[in-house]
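Readers should treat all values here as calculations from the given coordinates under stated rules, not as data from a laboratory. In this text the structure is predicted, and so the values were computed from the model without any measurement. Positions of Cβ are generated from backbone atoms using ideal geometry, with glycine treated the same way; all protein chains shown enter the neighbour counts.
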Amino acid sequence: MSLPALSPGDFAPLSRGEVARGPSRPSLSYWRDAWLRLRRNRQALASLAVIALLLLATLLGPLAWRVDPGQTAMARTSERPRGWAALTVLAPLAPYQEVVVEPPPAAPAGAPLRAPEGLRLLGPATVEAVRLRWEPVPGAKGYLVYRSTSRPGGDYLGLPLGEVEGGNLVSFEDAFNLEPATWWYSVVAKDGAEGPPATLRVAVPAGIPLVEARTLDPAARPGDAVARPWRPLGTDALGRDILARLLSGGRISLFIGFTAPLLSILIGVLIGGVAGYFGGRLDQWLMRITDFVMALPFLLFMILFRVALGVGPGESGVGPMLVAMILLSWTGAARLTRGQVLQLREAEFVQAARLLGARPRYLLLRHLLPNTLGVILVSLTFAIPSAIFTEAFLSFIGMGVVPPTASWGSMCNDGIKTFLVYPHEFIAPAAIISVTVLAFNLLGDGLRDALDPRLRSVE
Amino acid sequence: MLAYTLKRLLAGLVTVFFIATATFAAMHAVPGDPLMSGKARSAEIRRNLRVRYGLDKPVLVQYGVFLGNMAKGDFGISFTQQNRSVNDIIREHFKVSAVLGLVALAFATAGGILLGAVTARFRGRLADRSILFLVVLGISVPSFVFAALGQQVVLALNRWAGTTVLPVAGWGTVRHLLLPALALGLGTLAFLTRLMRSSLLEVVHQDWVRTARAKGLPPWRIFWSHQLRNAILPVVTLLGPALAAITTGGFVVESVFAIPGLGRYFVQAVQQLDYTVIMGLTVFYGAFLAFMVIVVDILYGFVDPRIRVAKEAA
C-alpha cells in the first residue's frame, strides 16, 4: 500500500462545523440490507424464481395454453404424459370372428387343468384391438383373460378383461382402453376352478383409428400421419387435459393461498396493533377473543363453517372457504403484532418521538409499523404455504373445492381414485403442491434470516 | 402443582364451553332445517321429528338443552344412522383413531428427537445436510401424498416378493398399522426434527456444557444429561400442537387407507349433513385436544424443574 501524496494543507485543523470524517461506509437502510442478505441466499433466490414462475404460469398460462380444462374426451381418458408425435392412421379393423375349434377332449377325471398352449396374436396388435388365440385345454369349460401393465408375478395377473364361455372357443378380442405400451396378457382355463396361466407379452405400437383420424383431418387415409391435440401431461379419467387443469386449478389454489393469509394477517395486524397500542381493558378483551379463537380446532371449524355457510356436500364454495380461513387464522398475526407493539411502545426512540410531540398517527406509521413489518412479512411467507396446504387438504377430503372445478387439491382427490393404475393423474397435482409449498418454505426461511436478526435460525 | 393443575383444568373447561357454543352457533346458522331434505315428506312426520329432536323450541332453550346434554356426556342420536347414538360412534371408532394417532405421534417424536440430535451432532456434514433436505421435503409434502406413494411402494414390494409383505389398506393387525402411522407421522417428524436441531444447537454453547466438559465428563454423558435433556424442552411444548396436527391429519390418512376411525366418520357425517354427529364430534375433538394441551403443559412442569418452581410461586 502506498501513501497518498500529502501536502501541508492536509494537516491544517478543520473549521468548526465541518464534518471531520464521513461515515466509513454508505449507510444501508433496513430493506436494502435485507435484500442484500436475501440475495446471498441461493436457496431463497431459487424459491423466489420458482414462485414467480408459478404465478406467471397460472396467470398467463391459460392464455397461452388454450385448452379448455373442463372439456371431456371419452375417447382419450387417462392418457399418460407423452411427447408430441404424429400418429400413423390405422387400416380399418377387419371384423372380429371368434375362433371355434372341435371341442377339446375331456380330461381324465380329477386331473388338474393345464395352462393353455400356443397363446399368440391373431392379426396385428393395434390400439384399436388386440386379438388373442390359443389352443384348447382338455377339460376346460371356458377361459379367463387378464391384462397387466407389468410382467405378472405371484397370484396377480392384472385386470380381468373377460371370460370366454365354452372350452372350444379359443379366441378373445380386447378393445378396452388400449394404449400404445407393452402389455402382458394371461389366459387361464377354467372348469369351476382356474388352471395355471399362459402369458403373452404384446407390444402395442402407437396409432390412431381411421374414424378418429377423419375427425381431425377429413382427408386422412390409412398410413398417413395425423396428430392429435397434444396433452403434454396426459389426461384424467374423463379425458380432460391435465396441464390445462393444473393451470386453471393453480389460479384457485394460489388465489386462496394468497388472499386468505393477506386478509387474515391484515386483520390480525389491526387487532394486535390496536390491542398493543391502546392497552388496558381493550387489550384484555381483544386478547381474550384471540385466545378463544385460537382454542378452536382449526380444520374442524373450517369444515363446520363450510356447513354453516350453507355449502352443501358436492358444492365448491371458494368464497365460504376464504371467509372461514380468514375468520380462523388471524390470531397468530394478532398476537405477534401485539407483542411487537408492546415492546416498541417502550423503546427509547418511540418515547423520544412522543416527547417531541409526535402524534399517534405519526408514531404508528413512522415507527411502529415499519419496525413490525419485517416480522409480519416473514409470518406471511409461512402463512401462504399453510393456506395452500389447507386448501389442498380440504379439497382432498371433498370439503373444499369439489370436482368438476379444478384446484390442485381437488385434482389430487380425483387422481387418487385411479392412482394405482394411472399414477400420473395424481402425481402431477401432488408434485406441484409440494413444489409450491417447498418454495414458500425455503423463501420464508431466507426472509426470516434476512429480515429478523433475532429470529435468525442457528446456521 | 395441584392448584396449578386445577386452574388449568378449569381453563380447559371454559375452552370446551366456548367450543361447544361456537359449534352450536355455527350449526344453527345453517340455512334451512336438517329435516327438510330427508325422507320426512308429510308435515305431520316432520312436526313429530321436530318435537323428537327438540327443534320446535326457541334457540336459547335448544342451546340450554344442548349444553346440558354435553355436560352429561350425551351427544345425541345420529340423524342418518338409525338407532345409533353419537356416543356409540365415538366409543367404537375413537379407539382406532387413538391407536393410530399415538403410534404416529410416538414415531414422530422418537424419530424427530433422534434425527434432530444426529443433525446437530454432525452439523454441516453430509448427514446433516441430507437429513435437513428430507426434513424440508417432509414439511412440504401433504400427508395424503405420503399415504398414496407409500401404498404404491408397498404394492411394488408385495409384487416383487410375491406375497403380501404389508397390507395396502384396511385395519386389524399390527401390520395394517405400520404404513398409515408412517404417513401420518412424517410431517410432524420433519417439523420436530427441525425444532430439535435448532434447540440443540442453542444449548451446545451454553456455559454449563463447557463446565461439564471442563470437569471431565465423558462426551456421551454431556450429550445425554446436559444437552439433550435441556434441548428436549421445546419439543415437549409442541407435543400439543403436534397432536392436533396428527388428529386432523387422521381424516385424510384414514380415508386413504380405509381405516374405520373417528376422522373418517367425521368426514362422512359432514358429507351427509348428519348434524348431531358433526356437533358431537366437533365438541369431542375440541375437548380432547384442549385436555391434551393441558396434560402436555403439566408434563412440561415435570420435565423442567424451573417451570415447576415458577408455577408454584405464581
Mean Cβ count within 10 Å, highest first, over the residues of peptides A:62-70, A:118-126: A:118-126, A:62-70
Gyration tensor (alpha-carbon) shape descriptor, chain B, a/c threshold 1.5: oblate
Farthest toward positive dipole pole in chain A [+1 Lys/Arg, -1 Asp/Glu at C-beta], among A:F305, A:V130, A:L368: A:L368
Cβ neighbours within 10 Å from other chains - mean over B:137-143: 6
Separation of alpha-carbon centers, segment A:354-373 and segment A:414-429, rounded to whole Å: 54 Å
For A:A181, residues with placed amide H under 5 Å, excluding near neighbours: A:V204
For peptides A:49-55, B:107-113, A:164-170, sequence by mean Cβ density within 10 Å, most packed first: B:107-113, A:164-170, A:49-55
Residues A:H367, B:H205 arranged by fewest to most Cβ contacts within 10 Å: B:H205, A:H367
Other-chain or far-sequence residues with amide H under 5 Å of B:I77's (modelled H): B:V86
Tilt relative to chain A, helix A:30-40 - C-alpha long axis, 0 to 90 degrees, to 10: 40 degrees
Segment B:218-310: trypsin sites (Lys or Arg not before Pro) falling in loop per DSSP and having at most 13 other Cβ within 10 Å: none
Backbone HN-Hα couplings from phi across segment A:326-342 [Karplus 6.51/-1.76/1.60, Hz, Gly and Pro as x]: 5, 4, 9, 10, 7, 5, x, 5, 4, 4, 4, 5, 4, x, 4, 5, 4
Alpha-carbon centroids, segment A:63-80 and segment B:87-145: separation in whole Å: 38 Å
Chain lengthening between A:T259 and A:R32 when straightened (0.36 nm per residue, less Cα-Cα): 79.0 nm
Residue order, fewest to most surrounding Cβ atoms within 10 angstrom, among B:I45, B:I259: B:I45, B:I259
Partner chain coverage, peptide B:275-287 - average Cβ within 10 angstrom: 2
Other protein chain Cβ atoms within 10 Å, averaged over every residue that makes up A:228-239: 0
Gained length - A:E163 relative to A:F278, 0.36 nm times residue gap less alpha-carbon distance: 33.5 nm
Computed over segment B:55-192: relative contact order in percent, which uses C-alpha pairs under 8 Å that are six or more apart: 29 percent
Amide H partners (placed H, <5 Å) of A:G162, local residues excluded: A:V145
Residue list for segment A:119-149, given a label point 7 angstrom along the Cα-to-Cβ vector of A:A193 and an amide N cut-off under 15 Å: A:139-141
Share, in percent, of DSSP beta bridges within chain A that are antiparallel, nearest 5: 95 percent
Gyration tensor (Cα) of chain A, equivalent ellipsoid semi-axes in angstrom: 68, 28, 20
Global geometry of the protein assembly as shown, whether rounded, prolate or oblate, following the gyration tensor of its Cα atoms and the 1.5 cut on a/c: prolate
Backbone HN-Hα couplings from phi across segment A:206-218 [Karplus 6.51/-1.76/1.60, Hz, Gly and Pro as x]: 5, x, 9, x, 4, 4, 5, 4, 5, 5, 8, 9, x
Cleavage-rule hits, GluC sites (Glu not before Pro), segment A:89-133, DSSP coil, Cβ neighbours within 10 Å at most 14: A:E98, A:E117
DSSP-loop trypsin sites (Lys or Arg not before Pro) across segment B:104-147, with at most 14 other Cβ within 10 angstrom: B:R125
The protein assembly as shown: calculated mean residue ellipticity at 222 nm from DSSP helix runs of at least 4, using -39500 (n - 2.57): -19000 deg cm²/dmol
J(HN,Hα) series, segment A:356-368, from Karplus relation 6.51 cos²θ - 1.76 cosθ + 1.60, nearest Hz, glycine and proline x: 6, x, 5, 7, x, 4, 5, 4, 5, 6, 8, 10, 6
Two-site FRET efficiency, A:L342 against A:Y362, from Cβ-Cβ distance with R₀ of 25 Å, rounded to 0.05: 0.85
Spin-label model distance (nm) - A:V100 vs A:A353, 7 Å beyond Cα toward Cβ: 9.6 nm
Relative counts (whole %) of C-alpha pair distances in segment A:319-427, using bins that are 10 Å wide: 13, 29, 21, 16, 12, 7, 2, 0
Chain B: relative contact order in percent, alpha carbon pairs under 8 Å with at least 6 residues between: 28 percent
